[in-house]
Amino acid sequence: MNICVIGTGYVGLVTGVCLAEIENNVICVDNIKEKINKLASGESTIYEPGIEELLKKNIKNNRLSFTTDISKAINRSEVIYICVGTPSLFNGQANLKFIEDVATEIGKYINGNKIIVNKSTVPIGSGDWVSMVISESIERNNPVKDIDFHVVSNPEFLREGSAISDTLFPDRIVIGSSSKEVVDKMTELYKPIIDQSFDCPKGIERLIPKGKKIPVVKSDLTSAEMIKYAANSFLATKVSFINEIANICEKVGADILKVSEGMGLDRRIAPEFLNAGIGWGGSCFPKDIQALSYIAGEYGIIPQILNSVINVNTGQRQKIVKKVQDELKIVKGKTIAILGISFKPDTDDVRESPSIDIMNNLAALGARIKFYDPIVKVKPEALDKKVLICNDAYTAAADSELLLLATEWKEFLKLDFIKIKELMSKPIIIDGRNFLDRDYLEKKGFKYIGIGR
Ligand code: UDX
């Protein structure tokens, strides 16, 4: 099929590359020229394992191209994906400005019957609103008035760091539309994934056996939109829940690792998202939970669980600062090393990263902070200007009185902790992800402080 993907951020780029990989002709559109030039030359604009190989391969096969010309892209496509951002406004509401702009452009250039796919996470009811914006734009801007189009909600469930695998080997595909014809067409488009009939690209592990069917949830538009918010909110709830249990574990003397293991083996609970730590961040959880809470408020519902999930998460970051204070007593003037700034490993994304919040709070208390991250090499805007960035973990550890592991990058497991101990002025480690080997570190003379143990 001829497809166009508008927006080449995380979701757009991964979607475009994967749809090309399952043998569609995909054209990706963005209004940032430098980005389009870079992508067209086969260089990825995001850090995501496996993406660059697929990008190069599909450009070479002539199945994937990039343009800033939205009219050309819309004209030649049967299916148009909207993949632009929906950042939070100050009150938690999702900002739909980018979606509105794209919908207006679609109305202007649409030249025949097409399916418009909403892949961006949008407030419940936005599908109908997008239809309205497109219709109004057709009325105002398009010489051809008699155009039949359908808006479908097809939320993504991809995680940064495993986005390609999550797209090619999904747990389910959700298609929300009132038109059976449109749902059938979308099912047809995803057939190679639904039937797991595509050839697994080189370098990507086949996670689902060839031929095994992927469940497809066919629903109305509103339910599809709600599935996305509810799924992310539930996952964040799971993490906040286990963090709350971890805090109780610390007081009663239980070990959260054992508690999570024991809980996760119950099939009704499942082991994923039961790792206690410094809390959740990223580009989705914070924005989506705030947005769902806002939507509930519009209907006079006080979403007590959602609000608690957010509060527990904020509290978790504060608890880490408290742990540092408990250890160092006076934080002012003390040097502290932080390992990891991305909100989780295998991504360079620092949006809403708990590590940044913790560093800023410690810097505000007068600590001298040095951090190292394997991928993030530029200090993010949101970080206190006084915080120093280091080229390696050892430089960060030198002269520090405490080291906090904030992101569980695999390379941190291979660090020479004997050298780190020699470099530090006091051997105290707070393992914010329960990631390091406590027994080993204690044997080597570190004071080890985990979360919930
Ligand atoms: C999430 C959803 O998983 C994905 O389906 C959605 O489409 C986008 O949002 P992502 O933001 O990439 O994906 O990260 P995810 O792996 O879900 O982790 C979110 C946050 O929770 C991270 O900060 C992570 O460190 C934290 N987390 C996760 C924990 O603290 N403990 C866990 O056990 C799991």
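Note on segment 314-354: residues that are assigned to a loop (DSSP other than H, G, I, E, B) and among the hydrophobic types (A, V, I, L, M, F, W, C) amount to 5. Scanning segment 402-449 for residues that are part of a loop (DSSP other than H, G, I, E, B), touching a residue at least 40 places away in the same chain (Cβ under 8 Å) and touching a strand residue (DSSP E or B) at 6+ places or on another chain (Cβ under 8 Å) turns up Ala406, Thr407, Trp409, Met424, Ser425, Gly432, Arg433. Tell me, yes or no, whether segment 152-169 has at least one residue that is assigned to a loop (DSSP other than H, G, I, E, B) and more than 16 Å from the ligand (Cβ to nearest atom). No, there is no match, as no residue in segment 152-169 is assigned to a loop (DSSP other than H, G, I, E, B) and more than 16 Å from the ligand (Cβ to nearest atom). When segment 355-383 is filtered for residues that are in a helix (DSSP H, G or I) and either without any contact (Cβ under 8 Å) to a residue 12 or more places away in the chain or not charged (D, E, K, R) (or both), the ones remaining, listed by number, are Ser355, Ile356, Ile358, Met359, Asn360, Asn361, Leu362, Ala363, Ala364.
Output the residue which, of all residues in segment 220-254 that are more than 16 Å from the ligand (Cβ to nearest atom) and surrounded by fewer than 18 Cβ atoms within 10 Å (Cβ to Cβ), is nearest to Thr86 (Cα to Cα). In this case the residue turns out to be Thr222.
Give me the pairs, please: first residue somewhere in segment 160-171 and of a type in the set (Asp, Glu), second residue anywhere and more than 9 Å from the ligand (Cβ to nearest atom), beta-carbon distance under 8 Å, and either six or more positions apart or on two chains. Close Cβ pairs (under 8 Å, with a partner that is more than 9 Å from the ligand (Cβ to nearest atom)) amount to Glu160/Glu48; Glu160/Asp346; Asp171/Ile214; Asp171/Pro215. Residues that are touching a Pro at 6+ places or on another chain (Cβ under 8 Å) and part of a loop (DSSP other than H, G, I, E, B) within segment 182-207 comprise Gln196, Phe198, listed in sequence order.
Taking segment 154-179, which residues are basic (Lys, Arg) and at pLDDT below 95? Arg159, the sole residue that qualifies. When we screen Pro380, Pro345 for residues that are within 16 Å of the ligand (Cβ to nearest atom) and within 21 Å of Ala236 (Cβ to Cβ), the only hit is Pro345. All conditions but one from (1) over 22 Å from Asn313 (Cα atoms); (2) within 16 Å of the ligand (Cβ to nearest atom); (3) crowded, with 22+ Cβ neighbours inside 10 Å; (4) of a type outside the set (Phe, Trp, Tyr) apply to Gly432; the one that does not is (1).
Looking at Lys379, Lys443, Lys426, just one residue is under 26 Å from Gly282 (Cβ atoms) and in the same structural domain as Val350 (by TED's automatic domain parsing), and that residue is Lys379.
Evaluate the following for Gly366: is it more than 11 Å from the ligand (Cβ to nearest atom) and either surrounded by fewer than 20 Cβ atoms within 10 Å (Cβ to Cβ) or farther than 18 Å from Phe435 by Cβ (or both)? When the stated conditions are applied, Gly366 passes them. When Ile208 is tested against (1) more than 16 Å from the ligand (Cβ to nearest atom); (2) outside the structural domain of Ser153 (by TED's automatic domain parsing), just one condition goes unmet, and that condition is (2). Only one of the numbered conditions (1) in a loop (DSSP other than H, G, I, E, B); (2) within 16 Å of the ligand (Cβ to nearest atom) is violated by Asn111, and that is (2).
Looking only at residues of segment 279-307 that are among the aromatic types (Phe, Trp, Tyr) and away from the ligand (no atom under 16 Å from the Cβ), we find that the one that is farthest from Gln93 (Cα to Cα) is Tyr299.
Here's the yes/no breakdown for (1) under 18 Å from Lys114 (Cα atoms); (2) of a type outside the set (Asp, Glu); (3) not assigned by TED's automatic domain parsing to the domain that holds Pro215:
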position	(1), (2), (3)
Trp129	yes, yes, no
Arg140	no, yes, no
Val144	yes, yes, no
Asp148	yes, no, no
Val152	yes, yes, no
Gly161	no, yes, no
Ile164	no, yes, no
Pro170	no, yes, no
Ser179	yes, yes, no
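Selection over segment 172-181 of residues that are under 10 Å from His150 (Cα atoms), touching a residue at least 40 places away in the same chain (Cβ under 8 Å) and surrounded by fewer than 20 Cβ atoms within 10 Å (Cβ to Cβ) gives a count of 1.
Quick one: is Ala276 within 16 Å of the ligand (Cβ to nearest atom) and either farther than 30 Å from Pro87 by Cβ or outside any helix (DSSP H, G or I) (or both)? It is true that Ala276 is within 16 Å of the ligand (Cβ to nearest atom) and either farther than 30 Å from Pro87 by Cβ or outside any helix (DSSP H, G or I) (or both).
The values are calculated or read from the model by the stated rules, or taken from the named source; none is laboratory data. Quick caveat, the model's predicted, so the values are computed rather than measured. Neighbour counts are summed over all protein chains in view; Cβ atoms, including those assigned to glycine, are modelled from backbone coordinates with ideal geometry.
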